[in-house]
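What follows is a short report on a single structure.
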Amino acid sequence: MTHLIAPSVLSCDFANIQRDVEMLNNSNADWFHIDVMDGVFVPNISFGFPVLKSIKEHAKKTIDVHLMIVNPDQYVEEFAKYGADILTVHYEACPHLHRTIQLIHSFGMKAGVALNPHTNVSVLENVIQDLDMVLIMSVNPGFGGQKFIDNAINKVSETKELIASKNSKAIIEVDGGVNLETGAKLIEAGAQVLVAGSFVFNSDNPSATIDKLKQL
């Protein structure tokens, strides 16, 4: 597959969120990446269902929701109701991960699992065949604009090997510090979806920046 670009809406201008959603609709971006934070699992709070609902009303592309929250199971049904196409939970937040994956699938969504920078890819060995996506965090989750952690490139390679060894159909997404330089290295290592927030929305021409990421 040609790699996909999923701009992180967390970095958009919230005073002009409809404008930025329309910009993404008209751009070569593939997905809308929605970061949901609770101030407990990560040291930041983002947005919840009302904002997701507003985005869904205008978005014409896949809604990729990344939950950085504790107890994600209790909200799975609501995220399905509010329009998530892909729902990603953190390995570190799910003591019963296989059950959580089954729950996500039961509501018709694709299931992803995210790994914090310190978490070894091997923890997914027993669920990789059930996953649609693995999200490698290339920064510590919670805030945009952080410096890229180089070891994420090795983790992408390790994830690719695990997927192949288990004959899984999961794809690899990377989130954090993605730009033209790091993006090229990640794609070479096997990443198939690049999440980019501040690099896109803080640029002079976000749509052109998305084009450059697509051309990597």
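Only the coordinates and a few stated rules stand behind these numbers; no lab work does. Remember, it's a predicted structure, so these values are computed and weren't measured experimentally. Positions of Cβ are backbone-derived with ideal geometry, glycine not excepted, and every protein chain shown enters the neighbour counts.
Per-structure values
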item: Rounded FRET efficiency, nearest 0.05, which uses the C-beta distance separating ASN71 from ASP150 and R0 of 41 Å; result: 0.80
item: Mean Kyte hydropathy of 0.5 or more with a Cα span along the axis of at least 18 Å, helices from DSSP in the chain; result: none
item: Burial ordering of PHE201, PHE14, fewest other beta-carbon atoms within 10 Å first; result: PHE14, PHE201
item: Length released on extending from THR62 to LYS169, taking residue separation times 0.36 nm less the Cα-Cα span; result: 36.7 nm
item: The chain: relative contact order in percent, alpha carbon pairs under 8 Å with at least 6 residues between; result: 22
item: Length added when fully stretched, PHE14-PHE49, from 0.36 nm per residue minus Cα-Cα; result: 11.1 nm
item: Residues THR182, THR159 arranged by fewest to most Cβ contacts within 10 Å; result: THR182, THR159
item: Extension reserve of the ASN205-THR2 stretch, reckoned as 0.36 nm per residue once the Cα distance is removed; result: 70.8 nm
item: DSSP bridge pairs, the chain: antiparallel proportion in percent, nearest 5; result: 5
